[in-house]
Amino acid sequence: MTKRVGFIGLGAIGRPMAKHIADAFPTVVWNRTRERAESFAAEKGAREVGSPRAVVEETDVVVMSLPTSAIVLEVIESIGEVWREGQLLVDATSGDPSGAREAAAQLSKFGVGFVDAPVSGGTSGAEAGNLTVMLGGEEPWVGQAREIVAAYSSKVVHVGPIGAAHALKAVNNALLAVNIQAAGEGLAALVKLGVKAEVALDVINSSSGRSNVTENLFPERVVSRAWPRTFRLALLDKDLSVALKVLEDNGVPSGAIRTAKEAFAAGRKALGEEADHVELVKEIEKAAGVEIR
Ligand code: NDP
C-alpha cells in the first residue's frame, strides 16, 4: 500500500525536499508560519493541516526538516500520544547525536521508529532531487526510510546506529566552515598583494588546496558579489557546535574546528540570524580592508 507521508518544516531546504515527496506520495504538511504551508499545499496539491499532531494522525511516515534537534524534540513533545505503533520519524534536520537518541527513546515508547537522515547538497541539490542522505538507525526502519528519502536523493548511505548520521553531517559541515574561513583569509592576502581572485582560484582549483569552497562557492558567490542566501550562517554555527561536542565526547583534538567555531560565532553576532554562511567572508574582507574580486 502507498505510504502517506507527513512533512514538517518547509524552510529553505525543506520546501524543495517536500516537493519531491509530494510528487511521490500522498503528502500532508505543517509549517510554523502557516502561510508557507498553505502556499505549498496550493501549489503541490498536498494537504495542509493545523498542527504537527494532525500530521501524525493522518500519515504513516513523518519527515522533519527543522533547525535543531532541540526543536525536533519540542515538536515531538507537542504531538503527545497520538503516535501509532509501526509509524516512523525520518529526521532530515542537521541535528545532534544525543538529540537523536532522546527522540528515538521517546518514540520507542509507542513502537514508533526513528532514523536520523540529514542531507547534503544544498538547496540546489534539493531542487534537483539529488541530495546525499546519511542514515543513522537500525533495520527495519532504515529500509523504510530509504523508500521515502529516495524521492529527493541520488545517494543514500547507512552510516551507523542512531545519531551516527547527525555526527557525520556535523563533521562534514565543520570541514565546509574551516574551508570558507581559510579560503577567505588566503584569498584576501593574495588580492592585497595584487593577484586577481579569479587567477588565484584558477590555480588553486588545479592544485592541492582546492575544495567545493574554492571550486564553486567563491566563484559563484564571492567573486561575483552575488551573496545569495541559501543556508543560514546561524545554522552552520550550530553545526560547528555539534561537531565540537562530537570531537570532545570522543577525546580527539579540535583546534581547527574550534577556531572556525569562534569565527562563525563572531560572524553570526555581527551579521545576524538571516545572513548566508558564505557571508563570513565579508567579515574577513572588512578586517583585511580588501574585496576578494
Ligand atoms: P530555515 O531556517 O530556512 O527553515 C527552518 C524551518 O524550521 C522553517 O520551516 C521554520 O518555520 C521551522 N522552524 C523554525 N523554528 C521552529 C520551531 N521552534 N518550531 C517549529 N518549526 C520551526 O532552515 P533550512 O531549511 O535551511 O534548514 C533546515 C535544516 O536542514 C537545518 O537543520 C539545516 O542545518 C539543514 N540543512 C540546510 C541546508 C541548506 O542548504 N539550507 C543544507 C543541508 C542541511 P517558519 O517557516 O515558521 O520559519
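General observations
- When the range 271-293 is filtered for residues that are of a type outside the set (Lys, Arg), surrounded by 15 or more Cβ atoms within 10 Å (Cβ to Cβ) and under 28 Å from the mean Cα position of the chain (by Cα), the ones remaining, listed by number, are Leu271, Ala275, Asp276, His277, Val278, Glu279, Leu280, Val281, Glu283, Ile284, Glu285, Ile292.
- Flag if Val213 is hydrophobic (A, V, I, L, M, F, W, C) and within 27 Å of Ala100 (Cα to Cα): no
- On inspection, Arg225 does not qualify as at negative phi and surrounded by fewer than 21 Cβ atoms within 10 Å (Cβ to Cβ).
- Contact map, the range 72-92: residues that are in the same structural domain as Ala150 (by TED's automatic domain parsing) and of a type in the set (Asp, Glu) paired with residues that are more than 12 Å from the ligand (Cβ to nearest atom) and not in a loop (DSSP other than H, G, I, E, B), Cβ distance under 8 Å, separation 6+ or inter-chain. Pairs shown: Glu77/Gln106; Asp91/Ala100; Asp91/Ala103; Asp91/Phe114; Asp91/Val115.
- Screening the candidates Ile162, Ile148 for the property of being more than 15 Å from the chain's Cα centre (by Cα), part of a loop (DSSP other than H, G, I, E, B) and either under 30 Å from Arg258 (Cα atoms) or among the hydrophobic types (A, V, I, L, M, F, W, C) (or both) yields one hit, Ile162.
Yes/no matrix, rows are residues, columns are (1) in contact with a strand residue (DSSP E or B) (Cβ under 8 Å, 6 or more places away or on another chain); (2) near the ligand (Cβ under 9 Å from one of its atoms); (3) among the aliphatic types (A, V, I, L, M); (4) closer than 19 Å to Ala12 by Cβ:
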position: Glu57; (1), (2), (3), (4): no, no, no, no
position: Val63; (1), (2), (3), (4): yes, no, yes, yes
position: Ile76; (1), (2), (3), (4): yes, no, yes, no
position: Glu85; (1), (2), (3), (4): no, no, no, no
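- Residues of the range 80-104 classified as of a type outside the set (Asp, Glu) and more than 22 Å from Ser241 (Cβ to Cβ), total: 9
- Verdict on Leu217 being crowded, with 19+ Cβ neighbours inside 10 Å, within 22 Å of Gly125 (Cα to Cα) and touching a residue at least 40 places away in the same chain (Cβ under 8 Å): yes
- The residues listed here are Val191, Val178, Val156; of these, the one that is surrounded by fewer than 22 Cβ atoms within 10 Å (Cβ to Cβ) and in the same structural domain as Val56 (by TED's automatic domain parsing) is Val156.
- The helices (runs of 4 or more DSSP H) found entirely in the range 194-293 that carry 1 or more residues being within 16 Å of the ligand (Cβ to nearest atom) are 233-249, 255-271, 280-288.
The values are calculated or read from the model by the stated rules, or taken from the named source; none is laboratory data. Owing to the predicted nature of the structure, the values given are computational and were not obtained by experimental measurement. Every residue, glycine as well, gets a Cβ built from its backbone with ideal geometry; the counts of neighbours run over all protein chains shown.
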